[in-house]
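Step one of this worksheet: look at the structure below.
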Amino acid sequence: MICTVTHLGCLKMRTKANRKSPALSLFLALLIFTAIVTGCGGIQSSLSTAGEEAERIAGLFWIMTGAGAAIWLAVMALAIYAAQSKGGEQRRPFARRLIVLGGVIPAIVLFTLLVFGLNMLPSLIAHAPATAMKVTVFGEQWWWRVRYELPGVQPFELANEIWLPEGEPVEFILRSNNVIHSFWVPSLAGKMDLIPGRVNHLTIHPKQSGVYRGACAEYCGRAHAQMNFYVVVKPKAEFDSWLKAQSGPASLTDSVEP
Amino acid sequence: MQHQDHEPLAESPPIELQRQQTERLLRAWAPAKGWRYWSEVNNSVVGQWYTGLTIFFLAYGGVLAALMRIQLSIPNNKFMTAETYNQVFTVHGSVMMFLFAIPIFEAFSIMFLPQMLGARDLPFPRLSAYGFWAFLMGGMTLCLSLFFNAAPSGGWFMYPPLTSKYEPGIGPDIWLLGFSFIEVAAIAASVELIIGILKSRPPGMRIHLIPLYCWYVLVAAAMILFAFPPLITGSMLLELERALNWPFFDVSRGGDPLLWQHLFWLFGHPEVYIVFLPSVALVAMIVPTFARTPIVGYSWIVLSAIGTGFISFGLWVHHMFTTGLPGITLALFSAASQAVAIPTGVQIFCFIATMLVGRVVNSLPMMFVFGALATFVIGGLTGVMVAVASFDFQAHDTYFIVAHLHSVLIGGSIFPFVGATYYFYPLVNGKKLSERLGRIVFWCLFIGFNVTFMPMHLTGLRGMPRRVYTYSEGLGLETLNLISSVGAAILVAGFAVFFWDLLRNKDQEPLSERNPWGAGTLEWLQEMPGKPWGVRSIPEIDSRYPLWDQANIVRDVDEGRFFMPDAEEGKREMLITSVIDAKPVQCLRIPGPSYIAFWAALFTGGAFILPTFKLYWAAAACAAIATGVILRWLWNGTAIIPEKERKYIGHGVEVPLYASGPDSVGWWAMLITMLAVITAFVSLLFGYLFYWTLDRDFPPPGMPGPGWFWPTLGTAMLMGSWALTNLVRKWNRQDDARLVYGGLGVSCLLAIAGGAAMIAGPYLNGMDPTQHVYAATIWLLVIWTAIHAGLGLIMNAYCIARRAFGRMTAKYDIDIHNVGLFWHFVAITAVATEIVLVVFPILK
C-alpha cells in the first residue's frame, strides 16, 4: 500500500491538451495499474525489506524514482511545449539558455546524487565486526553449500538453507570452485558474486524474523533458474538452540516450509 | 554566409553536352545486370543489401524474444526446456547487439552518407562489399546454429569459467570465431566511413559545416576502432583456452575469470554508445527538417557527442559492481557513469531548443522522435539509478536491468531507426512508405514497449534475476510477467506491420516528389528515383543547409554547373578533398563491379569459422587462399598508375589522379586500421599487466622465462627491418633500384629471422603454454609479434614485385609508403614485447 501511495504521490498530472497526452495518460495509468495490482511485497523482494542493507537501498530507490519521475515529466512537458510553440528568432536567446541549463542543472542534480550514493557505499561493503558470526557459502552447480564453522560448535553443512539470528550482523564468505554465481537475498541485502579464485564477502544485518528466499543472480548454466535458497531469521534464543541441535548427530527432521 | 571559392557556372551548359555527360555517367555507374548484379560494389546497391540483411536479423532476434516471452508468461512453463531457452536468450542478445544494432548504422551510412556529403560513393567500395559478405557469412552461421542445437548458451557476454570449461559443444566457438570475423568486417566499415567523412566532402564543406549525422558517425566509427579490439583479443584468449587449453581464465593455473569481464566490458560499454550515437544522429537530421530551422546548438552537439564517446571508455566497471572490487574503484566508476548523462542530456536539450526556435510540423517521423525521447529519457534516468553502485547491488543482473537496457536501446535505437526509415525511404527507390501504416506501427511499438518493459522495473526489484527460463509461483511475479508477455505480442504486431510496409509491392504507387519533406541537406538533391551516379555534379557549398540557403543549387547540380559533371574516360570517379577546409586535392578513380570482395570474404570466413569444427588444416588453407585473393585484389585494383597525371574537374581546377603518403586515402586506411590492431595488442598487454599487478605469482617462481637473449635479438632484427623499409621509401623516391631491391630483400630476411628469434625465446627455454597463464601470455605475445613480422614480410615481398613489374615507380609509390607505415606499428609491437618479456620480470 505504501508502494502505491508513493507512486501516486510522486506523479504530477498534466492536463495540457496535445497529441501526446493520450500516450502520457495511458503510460501513467499503466504504471499505477501495475503497482496497484502487484504491490511490492513478497519473500524475495528488495522493496519489502527485512534487513538493514536492503532497507537503506530501498529508501535510496524511492527517492531516485520520485526525482526521476519528476525529471521525466518536466523534460516531456518542455519538449511538447517546444513542439507546439510558434517559434521565431525571438526565442533563440531562451533556447540557448536552455541548452546551458541542460548541462548545468543535471550536473548539480547528479553531483548531489553522487554524494548521497557514495555516502551509503562504505557501510554496504564494509566487513562485519570481527566478533560477528561468519557463514561460508560455496556456489555449486546448481545449489548452495552452506557451511557453519563456529567456535564451540561442530562444523556442519546445509544445502540451500541458511539460519540467522535476528538483529546481529553476519559476514558471508562467498566462494566457488566451478563457475561464477551470485548470492542474492533481496529482502535482506544487495548481491555479491562467487568467483572462482576469489574470496568475496557480504555483510548482512537481518532486522526482522521470517523466512526469505534467495536466488542465484549470475547465469551459471542449465539449472540457474532453480538455484534458489531460503534464509530463516529467528530471534537469538531460537537461533542458538537451532545451532546446538545442528551440531549434534544427523536425524530426520521436517524441512523448512516456505 | 561565407564566401565560396568557386561559383557555379553562370550559364547553363548546352543541352547536347548535358545529354552526353549524362550518358557517359550512366555507362560508368550503371549497376551490373543479371547474375553480375551480385558483384556490384556501388554504395547504393551494397547499402540496400546490408540494410535488408540487418532488418532480417532484427526480425530473427525479435522472434526469439517472442519465444522467450511465451515461455515466461506463466510460471513453471513447459514451452521450452532450460537448454533451449538458454540458447535462445543467448542468441537473442547476440543477434540484436552484433547483427542488428551495430550493422544498422553501418548499413544506413553506406547507403546515405555519400549523398549527405554530395559524393558519388565511399572511397573503398569493394571494402564495403567485403563487409557485407562477411556479415552475411558470420551472421548466418550464428543464426543457423540454433537449428542444430549447437548455438552458444552462455549469455551474450559469455563469462568464463562457464564458457571456458563448462560448455563442451561448439556453440561458444561459433560465437567467439564467428563474431570476431564480423567484428573485423565492422572495423573495415569504420575505416571506410571515417575516411569518407574526413576526405570525400564537397568543396567548401569545411569541418564546421559537416552534417551532424556525419559527426556522430565519425565519433562512433572512431569508437569502434578502440572498443572492438579488446573483445577480439579477449575472444582470442577464450578460444585459445577452449581449443588448446591455454589457461587464461583457469584459476588453478594462474588465470582469472575477471580478465574476460574487463576486456568484454571495455568493449561492451562503448558498444552501447556506438549504438546510441548514430541513432540520435538520425534524430539530429530529422528535427531541423520538421522544425523548419537549422539545428540550434550545433557546436554543443558535436562537443557533447565527442565527450560522450570519450567518457564512455571510462565506465566499463559499472558492469562489475558486484564482483568484489574495492570501494575506491566502485566510487570512481559510479561517478563517471553518472557524469556521462551530462553530455547526453545536452544533446537532447539542443533538439528541444531547435523545436522551440522553429515551428514544428506534425509528421510521422516526428512522432517517432517523440517516442524515442520519451523512451530514451526513462532509460537514461534508470541508467543514472544503476550508476549509483549502492542501488546497483540490488538491481544488477535482475529484470530491472533488462528494463533499463531495452529502454535505452529501443528508445535510443529502434524508434529513431523506424522513424528514419519512414523519413529516408524515398531515397531508396523514389517511393514513400504508407503514412497510415506508419502510424499503426508507431502506436503498436510505443504501447507495446511500455506494456512489455515498464513492469520489468518492478519484476526485477521483486526478485526475478536475469536469464532464468522459468520462475516459481507465489513470489508475486506472475501478473507482471503476463503483462510483459502481452506487451511483447503488441510489439510483434507493430513490427509485423512495419515489415509488411517495407516489403509490400509498391509498383503501383506514385513516385514521391523530389525532397518530399523540404529538408535542407544535400542527400535530398536526389531525383526520384535516384540515378546510379548519385549526384549529377559535385556542388561547392558554404552552408550547413545548402538546399535552404544556396539559391538554385538543385538546378545547378542537375545541369552540371559544378565540379565533375562528366565521366570522360568512362570510369567511376569521386572527389577527394582536404580534411579541414575541404579543398579539392585528388580525383579518385574507384572500382566497378567485382567478385573479388566476395571471394576474399568467403576465404577469410573459412579461416575464422572452420576452426569451430576443429578443421584446422582446412582453415589454414583458407587463410592462405584468402591471402592470395587479397594480394590479387591489391595488385589489380589499387595504386593504379593513371594514364595522365592530372585531370580537369571544372571551374579552372585540375587535380592529380594519384596521391601517395598522407595525401592518399590508402595511407589513411592503413593508419586507421593499424590503430585498431595496435589497440588489440594493447589489450593483450592489459592482460599481462592485469595478472602482473594482482597479488599473485606472475611469473611464478621456478618457471622458465623466455630469457633476455632471444627476445632482444628478435627485436633488434625487427627494428632493423623497420628502419630499412623506411629507408627504401627514400631510396625509391631517388629511383635507386639496387638499393630498393637490396634493402627490401635484406628486410625480408630480417623479418623472417626476427620472427623466428622471438619464438625461439619461449620455445628453446621449454615454456609450456598449457602449464601456466604466464607461459601462455608470453607465447601469445611472441606469436603476435611474429605474425606481424610475417605480414611485413609479405608486404615487403609485394613491394619488390610491384617495383619489378613497373607498377611502383619513383613517383608512383603508394605501396612503399603504406608498408613503411605498417612497419612503424611492427616496431612499436616489437619494442613493447621486448619490454614486457625482458624488463618486467626484473622489476618484480
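Return one whole number: the accessible area per residue of the range B:463-600 in Å², for a 1.4 Å probe. If you can, show how the numbers build up before the last one.
Details: 5060 Å² over 138 residues.
Each residue of the range B:463-600 exposes 37 Å² on average to a 1.4 Å probe.
Within the range B:251-285, which residues have the backbone N less than 11 Å from the label spot 7 Å out from B:Thr693 along Cα→beta-carbon, could you tell me?
Under 11 Å, as judged by backbone N against the label point of B:Thr693, lies no residue of the range B:251-285.
Share of the range B:19-74's accessible area from carbon and sulfur, percent, 1.4 Å? Walk me through the numbers on the way to the answer.
Details: 1690 of 2420 Å².
Answer for the range B:19-74 is 70 percent, counting heavy atoms of protein chains only.
Interface size between chain A and chain B, please: total buried accessible area, 1.4 Å probe, rounded to the nearest 100 Å². Don't skip to the end; give the middle numbers.
On the way: alone 15640 and 31400 Å², together 39500 Å².
So the total buried area for this chain pair works out to about 7500 Å².
Can you classify the range A:53-97 as rounded, prolate or oblate using the Cα gyration tensor, where a ≥ b ≥ c are the square roots of its eigenvalues, rounded means a/c under 1.5, and otherwise it's prolate if a/b beats b/c and oblate if not? Don't skip to the answer; put the middle values down first.
Numbers: a/c = 9.33, a/b = 3.52, b/c = 2.65.
Cα axes put the range A:53-97 in the prolate bin.
What does the charge count near A:Gly190 come to, summing +1 for each Lys or Arg and -1 for each Asp or Glu among other residues with Cβ under 10 Å from its Cβ? Mind dumping the intermediate values first?
On the way: positive: A:Arg56, A:Lys191; negative: A:Glu53, B:Asp392.
My count for the surroundings of A:Gly190 gives 0.
Between A:His127 and A:Arg147, what FRET efficiency comes out of the Förster formula 1/(1 + (r/R0)^6) with R0 = 22 Å and r the beta carbon distance, rounded to 0.05?
Details: r = 18 Å, r/R0 = 0.84.
FRET efficiency, A:Arg147 to A:His127: 0.75.
Just name one of B:Tyr688, B:Gly652, B:Leu615: the one whose Cα is farthest towards the positive end of the charge dipole of the protein assembly as shown (beta-carbon charges, Lys/Arg +1, Asp/Glu -1).
B:Gly652
Out of the trypsin sites (Lys or Arg not before Pro) in the range B:776-839, which ones are loop residues according to DSSP with at most 12 other C-beta atoms within 10 Å? List each step's numbers first, then the result.
On the way: sites: B:Arg802, B:Arg803, B:Arg807, B:Lys811; in loops: B:Arg807, B:Lys811.
When the trypsin sites (Lys or Arg not before Pro) of the range B:776-839 are filtered for loop state and at most 12 Cβ neighbours within 10 Å, B:Lys811 remain.
Given B:His404, B:Phe415, B:Leu480, which one lies farthest toward the positive end of the charge dipole of the range B:389-490, if we put +1 on the Cβ of every Lys and Arg and -1 on the Cβ of every Asp and Glu?
So the residue furthest toward the plus end is B:Phe415.
So, R0 is 51 Å and r is the distance between the beta-carbons of B:Tyr763 and A:Val199; what FRET efficiency does that work out to, to 0.05? Could you put the intermediate results ahead of the total?
Values: r = 37 Å, r/R0 = 0.73.
Working from the Cβ atoms, E equals 0.85.
Could you list, in their original order, any pairs among B:Lys431/B:Lys644; B:Lys571/B:Lys811; B:Lys78/B:Lys614; A:Lys234/B:Lys78 whose Cα atoms are separated by more than 32 Å? If you can, show how the numbers build up before the last one.
Values: B:Lys431/B:Lys644 42 Å; B:Lys571/B:Lys811 23 Å; B:Lys78/B:Lys614 35 Å; A:Lys234/B:Lys78 37 Å.
From the list (B:Lys431/B:Lys644; B:Lys571/B:Lys811; B:Lys78/B:Lys614; A:Lys234/B:Lys78), the Cα-Cα distance tops 32 Å for B:Lys431/B:Lys644; B:Lys78/B:Lys614; A:Lys234/B:Lys78.
May I have the pair-distance distribution P(r) for the range A:86-203, computed from all Cα-Cα distances with 10 Å bins from 0 and rounded to whole percent?
Computed distribution, short to long bins: 11, 30, 21, 11, 10, 9, 6, 1, 0.
What FRET efficiency would be calculated for the residue pair A:Gln226, B:Thr479, taking the C-beta separation as r and a Förster radius of 25 Å, to the nearest 0.05? List each step's numbers first, then the result.
Values: r = 22 Å, r/R0 = 0.88.
With a Förster radius of 25 Å, E is 0.70.
Which positions within the range B:378-397 get 40 Å² or more of their accessible surface covered by the other protein chains, compared to the chain by itself, with a 1.4 angstrom probe?
B:Leu381, B:Met385, B:Val388, B:Ser390, B:Phe391, B:Phe393, B:Gln394, B:Asp397
Within a Cβ distance under 14 Å of A:Arg147, other residues only, what is the Lys/Arg minus Asp/Glu net charge?
Values: positive: A:Lys134, A:Arg145, A:Arg175; negative: A:Glu140, A:Glu149, A:Glu157, A:Glu161, A:Glu171.
Summing Lys/Arg as +1 and Asp/Glu as -1 gives -2.
With a 1.4 Å probe and every protein chain left in place, tell me how much accessible area B:Glu83 has, in Å² to the nearest 10.
Answer for B:Glu83: close to 90 Å² accessible.
Just grab the label-to-label distance for B:Ile783 and A:Lys86, each label 7 Å out from Cα along the Cβ direction, in nm (one decimal).
7.3
Taking every pair of alpha-carbon atoms in the protein assembly as shown, give the share separated by more than 55 Å as a whole percent. Intermediate values should be presented prior to the final figure.
Working: 121200 of 606651 pairs.
Tail of the P(r) past 55 Å holds 20 percent of the pairs.
Do any chymotrypsin sites (Phe, Trp or Tyr not before Pro) in the range B:60-146 lie in a DSSP loop with no more than 15 other beta carbon atoms within 10 Å, and if so, which? Provide the component values of the computation, followed by the final result.
Numbers: sites: B:Tyr60, B:Phe79, B:Tyr85, B:Phe89, B:Phe98, B:Phe100, B:Phe105, B:Phe108, B:Phe112, B:Tyr130, B:Phe132, B:Trp133, B:Phe135; in loops: B:Phe79.
Answer in residue order: B:Phe79.
Ignoring ligands, DNA and RNA, what accessible area per residue does the range B:1-150 give at 1.4 Å, in Å²? Mind dumping the intermediate values first?
Working: 5840 Å² over 150 residues.
On a per-residue basis, the range B:1-150 sits at 39 Å².
Take B:Arg439 and B:Gln20, extend 7 Å from each Cα along the Cα→Cβ direction, and tell me the distance between the two endpoints in nm.
Distance between the two pseudo-spin positions: 5.3 nm.
In nm, give the distance between the simple-model label positions of B:Val839 and B:Arg359, each being 7 Å from the Cα along the Cα-to-Cβ direction.
For B:Val839 paired with B:Arg359, the spin-label model returns 6.7 nm.
State to the nearest 20 debye the size of the charge dipole of the range B:202-348 about its Cα centre, where the only charges are +1 on K and R beta carbons and -1 on D and E beta carbons. Mind dumping the intermediate values first?
Values: 4 positive and 5 negative charges, 100 e Å.
Roughly 480 debye, rounded to the nearest 20.
Pulled fully out, how much extra length does the chain show between B:Ala723 and B:Thr770, if you take 0.36 nm times their separation in residues and subtract their Cα-Cα distance? Can you show the working numbers first?
Numbers: separation 47, 0.36 × 47 = 16.92 nm, distance 3.58 nm.
Taking 0.36 nm per residue and subtracting the Cα distance, the gain is 13.3 nm.
Where does the range B:96-184 land on Rg(C-alpha)/(2.2 N^0.38 Å)?
1.34
Please give me the summed charge of the neighbours of B:Ile590: other residues whose Cβ is under 11 Å from its Cβ, Lys and Arg +1, Asp and Glu -1.
Values: positive: B:Arg120, B:Arg126, B:Lys571, B:Arg572, B:Arg589; negative: B:Asp121, B:Glu573.
Neighbour charge sum, excluding B:Ile590 itself: +3.
Taking a 1.4 Å probe, which of B:Lys33, A:Lys86, B:Lys647 shows the most accessible area, and what order do the others take after it? Numbers along the way, then the final one.
Working: B:Lys33 165, A:Lys86 140, B:Lys647 10 Å².
In descending accessible area the options line up as B:Lys33, A:Lys86, B:Lys647.
Please sort by residue number the chymotrypsin sites (Phe, Trp or Tyr not before Pro) in the range B:684-771 whose DSSP state is loop and whose Cβ has at most 15 other Cβ atoms within 10 Å.
Working: sites: B:Phe686, B:Tyr688, B:Phe690, B:Tyr691, B:Trp692, B:Trp708, B:Phe709, B:Trp722, B:Trp731, B:Tyr741, B:Tyr763; in loops: B:Trp708.
Sites meeting the loop and neighbour criteria: B:Trp708.
How much of the accessible area of the range B:653-743, in percent, comes from carbon and sulfur atoms when a 1.4 Å probe is used? Before the final figure, lay out the partial values.
Details: 2740 of 4090 Å².
Using a 1.4 Å probe with all protein chains present, the range B:653-743 comes out at 67 percent carbon and sulfur.
Run the helix sum for chain B: -39,500 (n - 2.57) per DSSP H stretch of 4+ residues, divided by residue count, reported at 222 nm to the nearest 500 deg cm²/dmol.
-21000 deg cm²/dmol
Sort B:Met96, B:Met355 from largest to smallest accessible area, using a 1.4 Å probe on the heavy atoms of the protein chains.
Values: B:Met96 45, B:Met355 10 Å².
Descending order: B:Met96, B:Met355.
If I ignore ligands, DNA and RNA and count only protein heavy atoms, how much of B:Ile609 is accessible to a 1.4 Å probe, in Å² to the nearest 10?
20
Restricting things to alpha carbons, tell me how big chain B is in terms of Rg and Dmax, in Å.
That works out to 27.5, 86 Å for Rg and Dmax.
Can I get the semi-axes of the range B:1-136's equivalent ellipsoid? Compute them from the C-alpha gyration tensor as square roots of 5 times the eigenvalues, in angstrom, largest first. Intermediate values should be presented prior to the final figure.
Numbers: eigenvalues 445, 62, 27 Å².
Equivalent ellipsoid of the range B:1-136: 47, 18, 12 Å, largest first.
The values are calculated or read from the model by the stated rules, or taken from the named source; none is laboratory data. As the structure is a computational prediction, the values presented were derived from the model and not from experiment. As a convention, Cβ positions derive from the backbone with ideal geometry for all residues, glycine included, and neighbour counts pool all protein chains shown. Heavy atoms of the whole protein, side chains included, go into the accessibility calculation; ligands, DNA and RNA do not. Shrake-Rupley method; radii C 1.70, N 1.55, O 1.52, S 1.80 Å.
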